[in-house]
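This report concerns only the one structure given below.
The values are calculated or read from the model by the stated rules, or taken from the named source; none is laboratory data. Quick caveat: nothing in here was measured; it's all calculated off a predicted structure. Heads up, the Cβs are rebuilt from the backbone with ideal geometry, glycines too, and the neighbour counts pull from every protein chain shown.
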Amino acid sequence: MEKLLDVRGLTMDFGGLRAVDNVSLEINKGEIVALIGPNGAGKTTFFNCTTGIYTPTGGDVVIHPPGEAEVRINGMKPNRITTLGMARTFQNIRLFPAMTVLENVMIGRHCRTSTDIIGAILRGPNTKKQEKETIEKSYALLEKVGLDHLANEFAKNLPYGAQRRLEIARAMATDPFLLLLDEPAAGMNPQETKELDELIVRIAREEGISILLIEHDMKLVMNISERIYVMEYGKLLAYGPPEEIKNNPKVIEAYLGEEAVHA
């Protein structure tokens, strides 16, 4: 299989606290992979190290953009990592509330345009062409996540589940080959979660974007993931296909519990 992300021995220390301890993870082309574990297990810190928000204390984060040479991204700025093709969403929604739904997605296209400040002022033919392409691409993404009818609504007026989908659309606007979703179902009702489940699968299958997600909704995780990694106290506790993880005694004891296994 074609490897897209290869994290080797990732370690992150904050003073005397080791938040992530020698964790390795890989994602192949076309996969949906989940990272689960109790609160405080180090999952979001792992994401932050992988996407450039933190520079890890140790280990390597290597991406393999399709058709290009591998790139070690430790210490790179988040915007540079996004340009290379890895995008993410956040546990806490980070939309621009006073901008429209369409404008929020258009912002995601910024890393794929070449207009500089002079071009923006003079508004030459190339600038106008890029603006048109940005609007068309952004609107097409809103159609894919079911928000096109709300394109001109302010982001702050959207229901919670729709705001989550908008954040995913904005991340997709960067043209990623790998999308990292940090608790995308958090705070959603069952119907919103079902729609999210279907959307994530559609993104992977129809758009060819591989996905790594942190999630506490075990029904969603078990339904859509091809492989699952489990963290506890900053360490990797187990990894494997959903059925194997579901029946792993260590995982049941540390995180899932009997209720989740038999749900």
- Message: Anything in segment 90-100 that is at pLDDT below 90 and either β-branched (Val, Ile, Thr) or part of a helix (DSSP H, G or I) (or both)? List them, or say none.
- Response: ILE93
- Query: What pairs come up if the first residue lies in segment 68-86 and is within 19 Å of ASP182 (Cα to Cα), the second is among the charged types (D, E, K, R), and their beta carbons are under 8 Å apart, counting only those six or more places apart or on different chains?
  - Reply: GLY85/ASP175
- Note on the structure: Of the listed residues (ALA41, ALA34), the one being surrounded by 21 or more Cβ atoms within 10 Å (Cβ to Cβ) and either in a strand (DSSP E or B) or not assigned by TED's automatic domain parsing to the domain that holds LEU236 (or both) is ALA34
- Message: Being more than 16 Å from the chain's Cα centre (by Cα) and closer than 29 Å to GLU198 by Cβ is true for just one of ALA34, ALA87, ALA41. Which residue is that?
- Response: ALA41
- Near pairs, Cβ below 7 angstrom, 6+ apart or cross-chain, from segment 210-235 (in the same structural domain as ASP21 (by TED's automatic domain parsing)) to any residue that is among the basic types (Lys, Arg) and assigned to a strand (DSSP E or B): GLY234/ARG18
- Item | For LYS144: the one exception among (1) assigned by TED's automatic domain parsing to the domain that holds GLY37; (2) in contact (Cβ under 8 Å) with a residue 60 or more places away in the chain; (3) over 15 Å from the mean Cα position of the chain (by Cα) | (1)
- Item | Top-ranked residue in segment 49-89 [being outside any loop (DSSP other than H, G, I, E, B) and in contact with a Gly (Cβ under 6 Å, 6 or more places away or on another chain); ranked as modelled with the highest pLDDT] | GLY59
